[in-house]
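In what follows, a structure is listed as structure tokens, so that the remarks can point back to it.
The values are calculated or read from the model by the stated rules, or taken from the named source; none is laboratory data. Owing to the predicted nature of the structure, the values given are computational and were not obtained by experimental measurement. Glycine gets a Cβ as well: all are built from the backbone with ideal geometry, and neighbour counts include every protein chain shown. Surface accessibility is based on the protein's heavy atoms, side chains included, excluding ligands, DNA and RNA. Shrake-Rupley method; radii C 1.70, N 1.55, O 1.52, S 1.80 Å.
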Amino acid sequence: MTVKEIFETMEYGPAPESAAEALAWLVDQGDRFGHFIDGEFTKPANGFESRNPATGEVLATLSQATMGDVDAAVSAARAAQDKWQKLGGAGRARYLYALARLLQKHARLFAVLETLDNGKPIREARDIDVPLAQRHFYYHAGMAQLMDSELPDREALGVCGQIIPWNFPLLMLAWKIAPALAMGNTVVLKPAEYTSLTALLFADICRQAGLPKGVVNIVTGDGAVGEMIVAHGGIDKIAFTGSTDVGRKIRQATTGSGKALTLELGGKSPYIVFDDADLDSAVEGLVDAIWFNQGQVCCAGSRLLVQEGVAEAFYAKLKARMDGLRVGDPLDKCIDVGAVVDPVQLATITQLVDSNTAGEVYRADTALPANGCFYLPTLITGLSTSDPLMQEEIFGPVLVSTTFRTPSEAVDLANNTRYGLAATVWTENVNLALDIAPKLVAGVVWVNATNLFDAAAGFGGVRESGFGREGGWEGLAAYTRPKGKIKPLARVTAFEGSDGPADGIDRTPKLYIGGKQARPDGGYSQNIFDKKGRLLGQAPIANRKDIRNAVEAAHAASGWARTTGHLRAQILYYIGENLSARANEFAHRIDSLTGKRGGMEEVEAAIDRLFTYAAWADKYDGRVHGVPIRGVALAMNEPVGIIGAFCADEAPLLGLVSVMAPAIAMGNRTVLVASEPFPLAATDFYQILETSDVPAGVVNILTGSHEELAPHLAGHMNVDAVWSFSSSDISAVIEKEAAHNLKRTWVNNGHARDWMQADAQAFLRAASEVKNIWVPYGE
Amino acid sequence: MQKSALTQPTQLPQITHARNPGMALDMQWVRAVQANTSAIERRAATLPGRRSVKKDYQAAWLLKAVTCIDLTTLSGDDTEDRVRRLCAKARQPVRADILDALGMDGLHVGAVCVYHDMVETAVEALRGTGIPVAAVSTGFPAGLSPFKLRVAEIDESVKAGAEEIDIVISRRHVLGGNWQALYDEMRAFRDACGEAHVKAILATGELGTLRNVARASLVCMMAGADFIKTSTGKESVNATLPVSLVMIRAIRDYYQRTGYRVGYKPAGGISKAKDALVYLSLMKDELGHRWLQPDLFRFGASSLLGDIERQLEHHVTGRYSASYRHAMG
């Protein structure tokens, strides 16, 4: 076209970013890559081709890691870890700072290579992915610097195996490597096989930064390599970002291994538009929500919920905006939607949408390139919650939608999902926004914005969107553990006997469910003897139906989560007060159960524990993160939900109180399985609860076999977390059963705990989830 | 291909689309307007990174920008000769050899914008060119002279030959939430303009909030504004992308509701060719191609043209240019 013709048509025309430097870098590496192990690239081996999804062209040949490669990488990481940790926070900070600087110096090379490999628009790689990756290293250089002073009781986990997805290859690498290194860990990272190139370029800059050998190791390959990492005995922690299905498999594969685990998985995040919203801005927000990175974003606002009164107007505006989206060559600086990562993914998206017959499908009236992996921005309106596309993650540029009538219906619809990663709320009413945000089941909530990320604000989900946080102070827990020696926990068994009762009047301990004493469903009880074989009483034997009933009762007590910390504190103090009044009786009971003389000490510790968590109930404050926008990211501590716990066998009262108190202090409801060999302190204890204004269903107490109950409690889909301090070997079965709905687990792996120490921070952290609510402001 | 805008006799709106007659003040609509500042700022901040025009496309877009410029002089020391020089520049805004190299001819700016006393001179200097003269009016820039004098000023300028009148609104009506007063004032100005087209200058830098900008935009359109314009160029903050986004979204809503197209004129602070491209892409993306013509889009600018000329010469020669190589306006 001539200038004169363009003057009339005013079309945008091509605005290509040059790929020359990135392609030259690939040529310099021989277009073939080995792995990066112990500071060196290995010789390229058999493997696979990495292609540009926009053109199908082969960019490079990568090596498929063998078991030997993974072993070598883990060995290198292990060998380097001690020295890396001993370098100290300030020493590590300098390397992290250097990596941040080098990412900045090579910013365009990273951006272009990312776009070539992944298909995302160069604007996104250049303006979002690469700057956020730099920011992550800067931020965590600071965390390394502050570790010695601010986290004096924490230490590195050791060697971390990290498996990252193809949608944000470099950014996910940064999210994984920066905090791990900052805290003194070393890593073996596997990028996704579609998108390994920027990880290999990162390996190159690790050398430029002079990073000690073995601190960062990168192995390439497909899911089989991921499995090798997950199963590797030399790895202390697995961090995974990817699909919920794979996350579940990893949870299952690591059960009982003692490996720490964080999972950042899929989502079907709601995007709620109220009738008083700035509709044009909310439409523009959707461009950033679902047409960002071709919708291949775990936290994509993919489920649009619009208030009925404005739905028609909103859809009209949205469709007009969709028509203005430009789909095409990702290296073009004037493109909104690039290429889907791979033909396989394109086929998945196509199949999911084509199999849908419900609602009304609108496809953007915009040009699509003839070749390459492209998919038109698509909107499907008029769907119902029962339609599969409202429930299943599509992971493509496809938005599904329905309407709602009231704020509470919006919340119900938003939360009607197995996922819980992110949520977006649009309203000009601050009361409404701040009312809705805490009610949304999600790890991140954006108010009048979407897909805002920063290293200072934790990111991560609840429910089947995974567990653990990345970023912020809250993210450091995923890469540290408390200092101290690990001691094994011996199995505590019940005493046997045949003598008659020690007391005169027969007492009937029951289960405590929904604020009532309940006989066990099975109708069986277990004789409990003291050390000398005298009968102390009978404890009910709970079965799976009692678990069902207890969880039902806990579910019904959901109002507890909305009580104030002040109220919960009062109740905890009251429990302590009432326990104190009966201290002698409990001390005696504990002594006769355990056959030891520490009863009074244990009771005093239990009272102190109650007072401690009463104190914390209204003081476990969230944070306001300093994110680089005009606005705040409120890191709010929320209750986990329903926590099931297998209490310590060896401390029949203190063990129960130590898990109950922090859990209910934070607003959780609990199903507590008492000490198996010494259950009668717990059954005495419910009398204390009954007199202490604890609402029905907040604390439920079961007695019986830990081994028998563990799979049922851990497998219950309405339980949000399961803890075990049991001396029975149930850690593995809990992790295995918990994998079904990816509930949080905190198990002892057969390690002992000193119950005389509160370790309050660990319990409070486990009893709460951090939700980051982003509130940009300004009029 | 449609008829070239270059061969049209004039850029006056009445030639190409039905003039906005206005409508009754709809307070329900005005009150329902929302403008989320942080979201608008994010959109504005990312727009330059989302849109890019290069090579021949950039040259064509810059030429388009030239045709949309209201070449302006609004200084206390304006003289007739200075205005004549500006008008000459308006007739031939880009060096002929550059236009030749680009295959363009007959290009001129959208209008010449002056104070009332310079209208006759400008009209004379531009006779036969089809370039309209715009007069700033109604006690520009503060708009605080007696109301009847402000109306009379419009009348005088129209008599003097101004085909476009850039009025200033009473900011106090917006700040006080007195929308009826704003509406009535705008109506009176519109009526006084008669056949001349009226651009409503909102002085957005003095309206406090984007929400006020959105509401004032709507009220002025309801009262019959042909164009809404950001600024006098005399406020401390003039045209910005967020303000522009708010105003053109109001234009879009008004068009969708009434079917009438209202033009947009950002003024003040747009001095770089690159900025002009961003503004054009904003218009194209938010309002569509139709709003890329001078009958619906103008830049109020004095130094923008010089930068565009340098960029065009660079495009033609491949060498960066210098300002002295181009005729001053």
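Some values worked out for this structure:
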{"item": "Residue within the range A:698-713 that is within 17 Å of A:A518 (Cα to Cα) and touching a Lys or Arg at 6+ places or on another chain (Cβ under 6 Å) present", "result": "yes"}
{"item": "Failed condition for A:D506, given (1) within 14 Å of chain B (Cβ to nearest Cβ); (2) farther than 28 Å from A:R744 by Cβ; (3) not in a helix (DSSP H, G or I)", "result": "(1)"}
{"item": "All positions within the range B:26-74 that are open to solvent by 40 Å² or more (accessible area, probe 1.4 Å), free of Cβ contacts under 8 Å to residues at least 12 places away in the same chain and polar (S, T, N, Q)", "result": "B:Q28, B:T46"}
{"item": "Residue under evaluation A:S724, criteria (1) hydroxyl-bearing (S, T, Y); (2) open to solvent by 40 Å² or more (accessible area, probe 1.4 Å); (3) more than 30 Å from A:W426 (Cα to Cα), criterion not met", "result": "(2)"}
{"item": "Positions within the range A:1-56 being hydroxyl-bearing (S, T, Y) and over 24 Å from A:C373 (Cβ atoms), in sequence order", "result": "A:T2, A:T9, A:T42"}
{"item": "Within the range B:4-63, considering residues that are in contact with a His (Cβ under 8 Å, 6 or more places away or on another chain) and more than 10 Å from chain A (Cβ to nearest Cβ), the one modelled with the highest pLDDT", "result": "B:R19"}
{"item": "Filter result for the condition that a residue is more than 19 Å from B:E164 (Cα to Cα) and not polar (S, T, N, Q), over B:Y115, B:Y57", "result": "B:Y57"}
{"item": "Residue within the range B:107-124 that is over 29 Å from B:M186 (Cβ atoms), more than 14 Å from chain A (Cβ to nearest Cβ) and open to solvent by 10 Å² or more (accessible area, probe 1.4 Å) present", "result": "yes"}
{"item": "Count - residues of the range A:1-20 that are surrounded by fewer than 14 Cβ atoms within 10 Å (Cβ to Cβ) and more than 14 Å from every other protein chain (Cβ to nearest Cβ)", "result": "1"}
{"item": "Residue check, B:V174 more than 14 Å from chain A (Cβ to nearest Cβ), within 18 Å of B:I251 (Cβ to Cβ) and open to solvent by less than 20 Å² (accessible area, probe 1.4 Å)", "result": "yes"}
{"item": "Subset tally (residues that are farther than 14 Å from A:F459 by Cα, open to solvent by less than 70 Å² (accessible area, probe 1.4 Å) and assigned to a loop (DSSP other than H, G, I, E, B)) for the range A:619-637", "result": "4"}
{"item": "Some residue of the range A:414-436 being part of a strand (DSSP E or B) and surrounded by fewer than 24 Cβ atoms within 10 Å (Cβ to Cβ)", "result": "no"}
{"item": "Selection count, the range B:280-304, where residues are in a helix (DSSP H, G or I) and over 14 Å from the mean Cα position of the chain (by Cα)", "result": "7"}
{"item": "Members of the range A:254-283 that are in a loop (DSSP other than H, G, I, E, B) and within 14 Å of chain B (Cβ to nearest Cβ)", "result": "A:F274, A:D275, A:D276, A:A277, A:D278"}
{"item": "Of all residues making up the range A:205-229, the number that are over 22 Å from A:L99 (Cβ atoms) and either more than 20 Å from the chain's Cα centre (by Cα) or open to solvent by 10 Å² or more (accessible area, probe 1.4 Å) (or both)", "result": "7"}
{"item": "Residues of the range A:489-506 that turn out to be surrounded by 11 or more Cβ atoms within 10 Å (Cβ to Cβ), in contact with a strand residue (DSSP E or B) (Cβ under 9 Å, 6 or more places away or on another chain) and at pLDDT 90 or above, as a count", "result": "4"}
{"item": "Residue in the range A:453-461 that is away from chain B (no Cβ under 14 Å), open to solvent by less than 20 Å² (accessible area, probe 1.4 Å) and in a strand (DSSP E or B) present", "result": "yes"}
{"item": "Some residue of the range A:524-543 being open to solvent by 50 Å² or more (accessible area, probe 1.4 Å) and in a helix (DSSP H, G or I)", "result": "no"}
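Conditions tested, residue by residue: (1) among the hydroxyl-bearing types (S, T, Y); (2) buried (at least 24 other Cβ atoms within 10 Å of the Cβ).
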site	(1), (2)
A:M666	no, yes
A:S692	yes, no
A:V699	no, yes
A:N718	no, no
A:S728	yes, no
A:T745	yes, no
A:E769	no, yes
